[in-house]
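To start, the structure under review is shown below, and the notes come after it.
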Amino acid sequence: GIDHQALLKQFEHLNHQNPDTFEPKDLDMLIKAATSDLENYDKTRHEEFKKYEMMKEHERREYLKTLDEEKRKKEESKFEEMKKKHGDHPKVHHPGSKDQLKEVWEEADGLDPNEFDPKTFFKLHGKSSLFFKLTCTNFKFQLEKVYDPKNEEDDMVEMEEERLRMREHVMNEVDTNKDRLVTLEEFLRATEKKEFLEPDSWETLDQQQLFTEDELKEFENHISQQEDELRKKAEELQKQKEELQRQHDQLQAQKQELQQVVKQMEQKKLQQGNAPAGPGGELKIQPPGEHKAGDAAQQPAGGDQPLPPGHVPEPAVRTDQAHP
C-alpha cells in the first residue's frame, strides 16, 4: 500500500540504481541536493536578517522617545560615533578575487604570496564545492578587518551574514553553468576575468542600505498590529482568569456550607445518642459507679440501677441456710 516512487522523491540525493556502494555520482548528487537546500535557506535568511536590522533600528528609535532632549542628543551622538568607528577599517578584498585567495595562500597555507598559482590553489584545497567550503572558512581574514567581538560597535550577527554573503557571491561568480558544482575549468576561467585581477573593493553591510524608510514604517505597523493582538489576548485571558476565580470562590463557599451542614448533622446525631441532660447540663441519670455515698441506702440490694415502676423485688437468697 506504499507509493515507493513518491517516497523515493524525498531522497533525490541518493542514486537508487546503486544501493550498495558510494560512488562519485552519489557525491555529486549529494552536493547538488545540499546546495539546493542552501539556496532556499539563503533566501529565507536574507529576509530574517532584514527584519533583524529593522528591529534594531525600531528599538533604537523607541528608546530615544523615552529620553529628554539633552539625553537624546547624547545618545544620537554616541550612535553616530560608533557607526563611524565600525566603518573605519582596512580595505576588504573582494571575495574570490586574486588578492583574497592570495591572502588564504599566505595566511592559511603558509606559502609565498609571490608564488601564487590558481591551479595549485584549487588542487590544494580540494575539488568541486569542497574548494568553496575551505575558501569560505578562510573569509575570516577579511572579516577580522571589520568585526571584533570585543568591540561594542561590531555586531557578530552582521559578521555571520557578511560571511554568508561572501560565499554566495563567490558561488555566483565562478559557477557559470549553474549546476551548483565548480570544476577546475570553471575556476580557471574565473581567474582570467577582470573582476578576479582588478576587482572593486567589497562593499560591507555597513556601506549598504538594507531597508528603506517605507519598509521600516511598514514593519513597525506590523509590529503594532501584533502588539494590539497580543494585548487583546492578554485582556481576554485576564477576564477568563477573573471568571475562573469567581467560580472558584463560589465553589469554596458551597464547600464551606456543605461542611457546616455535615457538622451540624453529626452534632445532632451525637446528641440523640446521649442521655438527656438537666436544666444545668447535668445528667439526670448517674452513670454506674458514680453514685453518692448517701444514696446507697436508697438503692435496693442486688443492683445499682433503680427498678421500674410496679416491679416487685425478689427476696434475697440466704446462703447460710440449706436448700430445701
A careful count of residues in the stretch 212-234 that are assigned to a helix (DSSP H, G or I) and over 24 Å from the mean Cα position of the chain (by Cα) gives 7
Over the stretch 11-61, the set of residues farther than 30 Å from ASP154 by Cα, open to solvent by 90 Å² or more (accessible area, probe 1.4 Å) and among the aromatic types (Phe, Trp, Tyr) is PHE22
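Just to verify a result, which residue in the stretch 81-99, among those that are in a helix (DSSP H, G or I) and free of Cβ contacts under 8 Å to residues at least 60 places away in the same chain, is most open to solvent (accessible area, probe 1.4 Å)?
Keep residues of the stretch 81-99 that are in a helix (DSSP H, G or I), which gives 81-87, 98-99.
Subsequent filtering for residues that are free of Cβ contacts under 8 Å to residues at least 60 places away in the same chain retains 81, 84.
Details: GLU81: 127, LYS84: 162 Å².
My answer is LYS84.
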VAL170 versus (1) under 30 Å from LYS85 (Cα atoms); (2) out of contact with any helix residue (DSSP H, G or I) (no Cβ under 7 Å at 6 or more places or on another chain); (3) part of a helix (DSSP H, G or I); (4) modelled with pLDDT under 90: which is the lone unmet condition? (2)
Let me confirm something: among LYS268, LYS241, which residue is in a helix (DSSP H, G or I), at pLDDT 95 or above and open to solvent by 100 Å² or more (accessible area, probe 1.4 Å)? LYS241
Any idea which of (1) open to solvent by 80 Å² or more (accessible area, probe 1.4 Å); (2) assigned to a loop (DSSP other than H, G, I, E, B) is the one LYS78 doesn't satisfy? (2)
Scan the stretch 143-157 and give yes if some residue there is of a type outside the set (Lys, Arg), at pLDDT 90 or above, surrounded by 15 or more Cβ atoms within 10 Å (Cβ to Cβ) and in a helix (DSSP H, G or I), otherwise no. yes
Do you know which residues across the stretch 182-208 are surrounded by 17 or more Cβ atoms within 10 Å (Cβ to Cβ) and not in a helix (DSSP H, G or I)? VAL182, THR183, THR191, PRO199, TRP202, THR204
Filter result for the condition that a residue is closer than 30 Å to LEU143 by Cβ and not small (Gly, Ala, Ser), over GLU57, GLU23, GLU69: GLU57
Given the conditions (1) buried (at least 18 other Cβ atoms within 10 Å of the Cβ); (2) modelled with pLDDT under 90; (3) assigned to a helix (DSSP H, G or I), report the number of the one that GLU161 does not fulfil. (2)
In the stretch 100-109, is there at least one residue being open to solvent by 60 Å² or more (accessible area, probe 1.4 Å) and within 23 Å of ARG165 (Cβ to Cβ)? yes
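The values are calculated or read from the model by the stated rules, or taken from the named source; none is laboratory data. Just so it is clear, the model here is predicted, and its values are computed rather than measured. Positions of Cβ are generated from backbone atoms using ideal geometry, with glycine treated the same way; all protein chains shown enter the neighbour counts. Remember, those area values only see protein heavy atoms, side chains included, never the ligands or the DNA or RNA. Shrake-Rupley method; radii C 1.70, N 1.55, O 1.52, S 1.80 Å.
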